[in-house]
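For reference, the structure discussed in these notes is given below.
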Amino acid sequence: MSAPLQDRREGSLEAPTRHPLDWLNPEFYNEEAALKEMERVFDICHGCRRCVSLCNAFPTLFDLVDESKTMEVDGVDKKDYWKVVDQCYLCDVCYLTKCPYVPPHPWNLDFPHLMLRGKAIQFKQGTPTQGRDKLLSNTDINGKLASIPVVVQVVNKVNKMPAVRGLMESQLGVDRKAWLPEFAPHKFRPNAAASAAHPVRNGERTPGKVAIFSTCYINYNEPGIGHDLIKVLDHNRIPHVLAEKEACCGMPKLELGDLESVAKLKEKNIPQLARLAREGYAILAPIPSCGLMFKQELPLMFPNDADVLAVQKAMFDPFEYLVARHKDGLLDTDFKSGLGNVSYHIACHLRVQNVGQKTRELLSMVPDTEVNTVERCSGHAGTWGVKKEFHATAMKIGRPVFRQMAEHPKGETRWIASDCQLAGHHIEQGMEEAGKLGETDMAHPLTLLRMAYGLPA
Ligand code: SF4
Ligand code: SF4
């Protein structure tokens, strides 16, 4: 089904907009209607092909078309459309950086949200891997259980045993070669240092006080990054509090199409975050996917919810906040230690926040530091890249990133860093497997910033 000829113009001249997700409408879950919409969109994509190198969803689609009898979308069995849906991990890059046919263009293309609709239909129907998928997406429940004293050591040790990884692969579908995060013996939230009584200095662009939404990953897996954020804030005399209670932001559930669970998590997080937003706090989430959830996905699911919109306005990526603080003349730039050659990977879920490369901007202010930015998908994509059926593809997608991170234009790479620490580990694994890691270390950009200030770990 081709788009009408009179509409075949090259992109929209107006700024892109995004329609709310129509997830409460029963029609959203109508499989026949969703497949019909996929046929329309796939036909446009087949004629365009701009996104072929972004991920494996587009090559899967184009192969299906090219190998069909008609060599057009109408020759592809609709059952095979689900193969395309499975390959999408909702990074949003095709929508926000490539596609000229997004609204207000009359073709009204939203490829990621169409894939999300497909995932929501699959989730309602129940897929064979649903047990595994639900388990992997319970980031806060898994973290709570695994970080019980004694249990944490056992879980970490057992998770590294080849026999156990083999069992996890056969029983749970978690690829035995995929990097898995360890659980920290001491969670972030109960051990976060209380703020000093710094006076609140509001800037033109930045509230002068911060509320930290720590995220499951920082709380249970790598609390050091959260402690580094606090040290950086304290060094810059910015008072902080932690969000009172925290549940998962909902992104892992969204990626499964489990939208009802997203709504339940939203009910836990949003009321108290909205209160903080109304009290004038900037809310910082140190994991880009979690920030994106509050900045974009929840507002698109709940476009009329005033609390959700208040949180959206108050939510910052930490480097977005710190660079705005610099523009307000309120950031200390008296750095004590150069970082050398840094290969910095900008995470997809940060790229699509449309805030620019704030991490690169700030790290580049550090003397004796050369930041080389790699702006391409690492392939990790949350829990997607650890699944047995996708891990090899995740490594393949990441290969150009592994190579570019190793090839710093100024010489040997001293540090690799990604805003998404999961992507950072995935890149580290890829570089190691390719024999390109050498003396390079991996650290989160907030850790590098803390080091540049000369602050102790
Ligand atoms: S949202 Fe990301 S993974 Fe999904 S189709 Fe677009 S680029 Fe590929
Ligand atoms: S999503 Fe847009 S840019 Fe990408 S292949 Fe489809 S039509 Fe082209």
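Residues in the range 347-365 that are surrounded by fewer than 22 Cβ atoms within 10 Å (Cβ to Cβ) and closer than 16 Å to His408 by Cβ: Arg360, Ser364. Name every residue in the range 115-134 that is surrounded by fewer than 19 Cβ atoms within 10 Å (Cβ to Cβ) and either assigned to a loop (DSSP other than H, G, I, E, B) or modelled with pLDDT of 95 or more (or both), in order of residue number. Within the range 115-134, Gly126, Thr127, Pro128, Thr129 qualify. Taking every residue in the range 92-114 that is more than 16 Å from Asp22 (Cβ to Cβ) and pairing it with any residue that is in a loop (DSSP other than H, G, I, E, B) and within 8 Å of ligand 1 (Cβ to nearest atom), at least 6 positions away or on another chain, the pairs with Cβ-Cβ distances below 9 Å are Val93/Leu54; Val93/Cys55; Val93/Cys377; Cys94/Leu54; Cys94/Cys55; Cys94/Cys88; Thr97/Leu54; Lys98/Leu54. Just one of the numbered conditions (1) in a loop (DSSP other than H, G, I, E, B); (2) hydrophobic (A, V, I, L, M, F, W, C); (3) surrounded by fewer than 20 Cβ atoms within 10 Å (Cβ to Cβ) is not true of Ala392: (1).
Scan the range 288-295 and give yes if some residue there is modelled with pLDDT of 95 or more and either in contact with a Phe, Trp or Tyr (Cβ under 6 Å, 6 or more places away or on another chain) or farther than 30 Å from Cys55 by Cα (or both), otherwise no. No, the conditions are met nowhere in the range 288-295. In this structure, does Ser343 turn out to be small (Gly, Ala, Ser) and not in a helix (DSSP H, G or I)? Judged against the criteria, Ser343 is a match. Just one of the numbered conditions (1) modelled with pLDDT of 90 or more; (2) under 22 Å from the mean Cα position of the chain (by Cα); (3) within 26 Å of Val386 (Cβ to Cβ) is not true of Leu96: (1).
Can you find a residue in the range 238-246 that is within 30 Å of Ala417 (Cα to Cα) and among the acidic types (Asp, Glu)? Looking for residues that are within 30 Å of Ala417 (Cα to Cα) and among the acidic types (Asp, Glu), one finds at least one in the range 238-246, hence yes.
Of the numbered criteria (1) surrounded by fewer than 22 Cβ atoms within 10 Å (Cβ to Cβ); (2) part of a strand (DSSP E or B), the one Ala417 fails is (1). Residues in the range 264-307 that are farther than 24 Å from Val200 by Cα, of a type in the set (Gly, Ala, Ser) and surrounded by fewer than 19 Cβ atoms within 10 Å (Cβ to Cβ): Ala306 only. Identify the residue in the range 26-82 that is within 10 Å of ligand 2 (Cβ to nearest atom) and aromatic (Phe, Trp, Tyr) and, among all such residues, is surrounded by the fewest Cβ atoms within 10 Å (Cβ to Cβ). Across the range 26-82, the extreme among qualifying residues is Phe62.
Here Gln122 passes the criteria (1) away from ligand 2 (no atom under 15 Å from the Cβ); (2) farther than 28 Å from Val401 by Cα; (3) free of Cβ contacts under 8 Å to residues at least 40 places away in the same chain; (4) not hydroxyl-bearing (Ser, Thr, Tyr) except the one numbered (3). Counting only helices (runs of 4 or more DSSP H) that sit completely within the range 162-255, those holding 2 or more residues that are crowded, with 23+ Cβ neighbours inside 10 Å and of a type in the set (A, V, I, L, M, F, W, C) correspond to 223-235. Out of all the residues in the range 104-115, which are within 14 Å of ligand 2 (Cβ to nearest atom), out of contact with any Cys (no Cβ under 7 Å at 6 or more places or on another chain) and not charged (D, E, K, R)? His105, Pro106, Trp107, Asn108, His113, Leu114, listed by residue number.
Which of the residues belonging to the range 94-103 are among the hydrophobic types (A, V, I, L, M, F, W, C) and near ligand 2 (Cβ under 9 Å from one of its atoms)?
In the first step, residues of the range 94-103 are kept if they are among the hydrophobic types (A, V, I, L, M, F, W, C); the result is 94, 96, 99, 102.
Cys94, Cys99, Val102 - these are the residues of the range 94-103 that are among the hydrophobic types (A, V, I, L, M, F, W, C) and near ligand 2 (Cβ under 9 Å from one of its atoms).
The values are calculated or read from the model by the stated rules, or taken from the named source; none is laboratory data. Just so we're clear, the structure is a prediction, and the values are computed from it rather than from any experiment. Ideal geometry is used to build each Cβ from the backbone, glycine not excepted, and the neighbour counts take in all protein chains shown.
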